[in-house]
Amino acid sequence: MGRSPAKKADTSVALLEAAKAILRKNGYASLSTRDVAAAAGVPLSQIHYHFGSKQGMMLALFEYLNAQLLDRQSTMFAESTLTLSSRWDRACDYLDDDIASGYVHVLQELMAAGWSDPEVGKVIRAGLLSWYQLIRDVMADAAKNIGGLGPFTPEDIAALVSNAFMGAESLFLIGFEKKGAPVRRALRRVGDLIRIAEAKRETNHADKAP
């Protein structure tokens with residue numbers, strides 16, 4: 001008699017959570033499917049059953065993590081009562097949370113694996129494009145509300161924001177902040193600039209009011 005769908009899902013999630021912990025501890029190159037299976041408390045054959053291979057497990061892990069993060073960001077950006085500066089502040093808070101939880105380390109390991117593995121790179125690229133497209137759509141709405149983005153298009157801003165946060169993750173992981181470079185503080189200062197622009201816009205509107 002086969003296992004129930006719920007039991008299969010539980011085993012799959014247990015393996016992915018174990019893979020996340022092992023990847024954070026040992027890195028991609030030293031990650032062993034045997035260690036993952038042992039950490040999840042299941043036979044090694046379960047990895048092959050659920051994912052087919054180490055690569056398949058890594059691809060599933062990225063999609064698993066990326067879906068969680070993307071859902072969180074989508075929910076936050078959908079809050080119409082939040083100003084753009086508040087959304088930026090929240091994104092910085094999420095970066096702190098993701099560093100503390102180990103998400104950033106795991107995601108950067110998977111990205112690095114994608115440089116030399118075309119199949120991994122394809123999945124990573126698709127996942128990160130979803131994040132880019134979310135920011136692009138937010139900036140398109142912001143442009144309508146604030147009367148434009150100056151010389152930038154929503155695509156330009158999305159590219160810059162993506163680069164800023166992904167770069168901050170990489171710099172943090174290699175110890176830039178320990179050497180005195182204010183990586184995350186600098187990102188938060190961008191929120192201060194947005195707040196200044198929002199306040200100026202509100203003042204201008206108030207001055208023009210009859």
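The values are calculated or read from the model by the stated rules, or taken from the named source; none is laboratory data. What you are looking at is a predicted structure, and each value in this text was computed from that prediction instead of being measured. Heads up, the Cβs are rebuilt from the backbone with ideal geometry, glycines too, and the neighbour counts pull from every protein chain shown. The area values use the complete protein model at the heavy-atom level, side chains included, leaving out ligands, DNA and RNA. Shrake-Rupley method; radii C 1.70, N 1.55, O 1.52, S 1.80 Å.
Please work out if Ala39 is hydrophobic (A, V, I, L, M, F, W, C), in contact with an Asp or Glu (Cβ under 9 Å, 6 or more places away or on another chain) and open to solvent by 30 Å² or more (accessible area, probe 1.4 Å).
Values: hydrophobic (A, V, I, L, M, F, W, C): yes; in contact with an Asp or Glu (Cβ under 9 Å, 6 or more places away or on another chain): yes; open to solvent by 30 Å² or more (accessible area, probe 1.4 Å): yes.
Answer is yes for this residue.
With respect to the numbered conditions (1) open to solvent by 30 Å² or more (accessible area, probe 1.4 Å); (2) touching a residue at least 60 places away in the same chain (Cβ under 8 Å), which one is the sole condition not fulfilled by Val120?
Single failed check for Val120: (1).
If the requirement is being touching a residue at least 60 places away in the same chain (Cβ under 8 Å) and in contact with a helix residue (DSSP H, G or I) (Cβ under 7 Å, 6 or more places away or on another chain), which of these qualifies: Phe165, Phe176?
Just a single option satisfies the conditions, and that option is Phe165.
Would it be correct to say that Arg24 is touching a residue at least 24 places away in the same chain (Cβ under 8 Å), in contact with a helix residue (DSSP H, G or I) (Cβ under 6 Å, 6 or more places away or on another chain) and open to solvent by 50 Å² or more (accessible area, probe 1.4 Å)?
yes
For region 149-170, state whether one or more residues are open to solvent by 60 Å² or more (accessible area, probe 1.4 Å) and either of a type in the set (Val, Ile, Thr) or farther than 25 Å from Leu129 by Cα (or both).
Checked region 149-170: no residue is open to solvent by 60 Å² or more (accessible area, probe 1.4 Å) and either of a type in the set (Val, Ile, Thr) or farther than 25 Å from Leu129 by Cα (or both).
Applying the selection to region 71-82, what residues are buried (at least 16 other Cβ atoms within 10 Å of the Cβ) and either polar (S, T, N, Q) or in contact with a Gly (Cβ under 8 Å, 6 or more places away or on another chain) (or both)?
Here is the first cut: in region 71-82, the residues buried (at least 16 other Cβ atoms within 10 Å of the Cβ) are 73, 76-77.
Hit for region 71-82 is Gln73, nothing else.
Residues being open to solvent by 20 Å² or more (accessible area, probe 1.4 Å), at pLDDT 90 or above and among the polar types (S, T, N, Q): count how many of those fall in region 83-99.
Selection size over region 83-99: 1.
Between Ala19, Ala29, which is free of Cβ contacts under 8 Å to residues at least 24 places away in the same chain and not acidic (Asp, Glu)?
Ala29
All but one of (1) open to solvent by less than 40 Å² (accessible area, probe 1.4 Å); (2) farther than 24 Å from Arg184 by Cα hold for Gly102; which doesn't?
(2)
Identify, from the list Leu110, Leu44, Leu70, the residue that is more than 15 Å from the chain's Cα centre (by Cα) and more than 22 Å from Arg189 (Cα to Cα).
Going through Leu110, Leu44, Leu70 in turn, the sole match is Leu44.
Would it be correct to say that Val36 is more than 22 Å from the chain's Cα centre (by Cα) and over 30 Å from Ala143 (Cβ atoms)?
yes
How many of the residues in region 126-148 are open to solvent by 40 Å² or more (accessible area, probe 1.4 Å) and within 20 Å of Ser53 (Cβ to Cβ)?
Of the residues in that region, 1 qualify.
Among the residues of region 44-61, count how many are surrounded by 14 or more Cβ atoms within 10 Å (Cβ to Cβ) and either at pLDDT below 85 or not hydrophobic (A, V, I, L, M, F, W, C) (or both).
Number satisfying all stated conditions: 7.
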